[in-house]
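Enquirer: Below you will find the structure I want to go over with you.
Rule-based calculations on the coordinates, nothing more; no lab input. Everything quoted here is computed from the prediction, not taken from an experiment. Positions of Cβ are generated from backbone atoms using ideal geometry, with glycine treated the same way; all protein chains shown enter the neighbour counts.
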C-alpha cells in the first residue's frame, strides 16, 4: 500500500494552484473571513488592479467582476500558461515576471494570495494615492508539525518568520497605513501518505528540495504512524492584511 500511494502521488501533475486532487485525502479549515469573496467585492469597486503571484489564476478567475484594467503577474512557466489560458478571455493582462514592472501610481488595488515575498516598497510605488494592498498570507510556523517531522526542530527565527507583526512594520516603512489585520490558526489533516507527498511536491518551500527518493524512510515512518494512529494533524496559519496608501 505504501509504495502504491507514494508512486501515485509522485506521478500526478502539481501545476497550477488547484488542490482538488486532495479531496477525500486531506482537509484544511478555511479562514473565516473568505478572502476570495472580499477580493471580489474590492475588484468590483476599482478601475485598475494588479494581482501578484496569481498562480494558475484560479482565485482571480473566481471573482465575478473584474475592473476595466486588470493585470496579473506570475513567474513559474507552467502557471503562466495556465493563468494566461484562464484569464486572458476575461481581459486580464498576464505578465511572466517575478518583479512588478509597472509605472508609478497606476493601480487602485494590488492583491496577492499567499505571496512568497511581499515587495512592500514596490507595491507602494505602483499604488495610486488612496489605493490599497489586500492580501492573505501564510503565517508563522504554518504546518510546522509536518515540516519538523521531516526536517527536525527549527530555530525560533525560522518558526517566527512571516509573522504579521513584521508585515505591519514593513508596510509602515513603505509608507502604507495598515487598516485591517486578522490572524487564524487552522486545523489541517492528512489522511494518507499520498496526500503528504502531493502537498510537499506542490508547496515546495515547506521542505525545500523534497523528493520521494531522499525522504523515503521518513515517508514510510509517517505512513506507519498514520496507519496506526489515524490522520496526521497539523495547523495552518493565515493572516489577512490590508494596507492603504495615503
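Enquirer: Just 185, 142, 32 to compare: in a GNM of the chain, with alpha carbon springs under 10 Å, which one fluctuates most?
Expert: Answer for the Gaussian network model of the chain: 32.
Enquirer: So if the hydrodynamic radius of segment 86-146 is defined as the Kirkwood radius over C-alpha pairs, what does Stokes-Einstein give as its diffusion coefficient at 10 °C and 1.306 mPa s, in µm² per second?
Expert: 117 µm²/s
Enquirer: Next question. Report, to the nearest 10°, how far helix 193-202 tilts away from the longest principal axis of the Cα atoms in the chain, using its own Cα long axis and a range of 0 to 90°.
Expert: 30 degrees
Enquirer: Mind checking the full-extension length gain between residue 15 and residue 96? Use 0.36 nm per residue of separation minus the Cα-Cα distance, one decimal, nm. It would help to have the intermediate numbers written out before the result.
Expert: Numbers: separation 81, 0.36 × 81 = 29.16 nm, distance 1.55 nm.
Length difference between fully extended and current span is 27.6 nm.
Enquirer: Also: Which whole-number percent is the relative contact order of the chain (Cα, under 8 Å, 6+ apart)?
Expert: About 25 percent, as a whole number.
Enquirer: What's the FRET efficiency of residue 173 with residue 45 using the Cβ-Cβ distance as r and R₀ = 25 Å, to the nearest 0.05? Before the final figure, lay out each step's value.
Expert: Working: r = 27 Å, r/R0 = 1.10.
According to the calculation, E is roughly 0.35.
Enquirer: Within a 10 angstrom radius of the beta carbon, how do 97, 188 rank from fewest other beta carbons to most? Spell out each step's value before the answer.
Expert: Details: 97 13, 188 20.
Neighbour counts put them in this order, fewest first: 97, 188.
Enquirer: Then there's this: Using a simple spin-label model with points 7 Å from Cα along the Cα→Cβ vector, what separation in nm is obtained for residue 180 and residue 158?
Expert: 3.4 nm
Enquirer: How many angstrom separate the Cα center of segment 173-246 from the Cα center of segment 3-59?
Expert: With segment 173-246 and segment 3-59 each reduced to a Cα centre, they are spaced 13 Å.
Enquirer: To the nearest 500 deg cm²/dmol, what mean residue ellipticity at 222 nm is calculated for the chain from DSSP H runs of n ≥ 4 alone, each contributing -39,500 (n - 2.57), summed and divided by the residues?
Expert: Numbers: 10 runs with 87 residues, N = 246.
Per the formula, -10000 deg cm²/dmol.
Enquirer: Take the Cβ-Cβ distance between residue 36 and residue 191 as r, set R0 to 22 Å, and report the resulting FRET efficiency rounded to the nearest 0.05. The partial results should precede the final answer.
Expert: Values: r = 25 Å, r/R0 = 1.15.
Efficiency for this residue pair is about 0.30.
Enquirer: Considering the alpha-carbon set of the chain alone, what are its Rg and its Dmax in angstrom?
Expert: Reported Rg and Dmax, both Å: 19.0, 58.
Enquirer: When you count, for each residue, the other Cβ atoms within 10 Å and take the mean per peptide, how do 71-77, 166-172 rank with the highest first?
Expert: On the way: 71-77: 19.7, 166-172: 16.1.
In descending order of packing, they fall as 71-77, 166-172.
Enquirer: For the chain, find the longest principal axis of its Cα atoms and tell me its angle to the long axis of helix 77-87, 0 to 90°, nearest 10.
Expert: 50 degrees
Enquirer: With r defined as the distance between the Cβ atoms of residue 1 and residue 145 and R0 fixed at 30 Å, what FRET efficiency is calculated, to the nearest 0.05? Kindly include the intermediate steps, with their values, before the conclusion.
Expert: Working: r = 23 Å, r/R0 = 0.76.
Using R0 = 30 Å, I get an efficiency of 0.85.
Enquirer: Now, a different point. Sorted from largest down, give the three principal axis spans of the alpha carbons of segment 23-63, whole angstrom values.
Expert: Principal extents (largest minus smallest coordinate, Cα): 41, 22, 14 Å.
Enquirer: Using only Cα atoms and rounding to the nearest 10 degrees, what angle (0 to 90) does helix 164-173 make with the longest principal axis of the chain?
Expert: With rounding to tens, the tilt is 30 degrees.
Enquirer: Can I ask one more? Let me check against my output: what whole-number percent is the relative contact order of segment 109-235, with C-alpha pairs under 8 Å and at least 6 apart? Let's see the in-between values first.
Expert: Working: 110 pairs, mean separation 33.8, N = 127.
The normalised contact order for segment 109-235 reaches 27 percent.
Enquirer: Per 0.36 nm of contour for each residue apart, how much would the distance between residue 220 and residue 65 grow if the chain were fully extended, relative to their Cα-Cα spacing?
Expert: Numbers: separation 155, 0.36 × 155 = 55.80 nm, distance 4.64 nm.
Extending this stretch completely gives an extra 51.2 nm.
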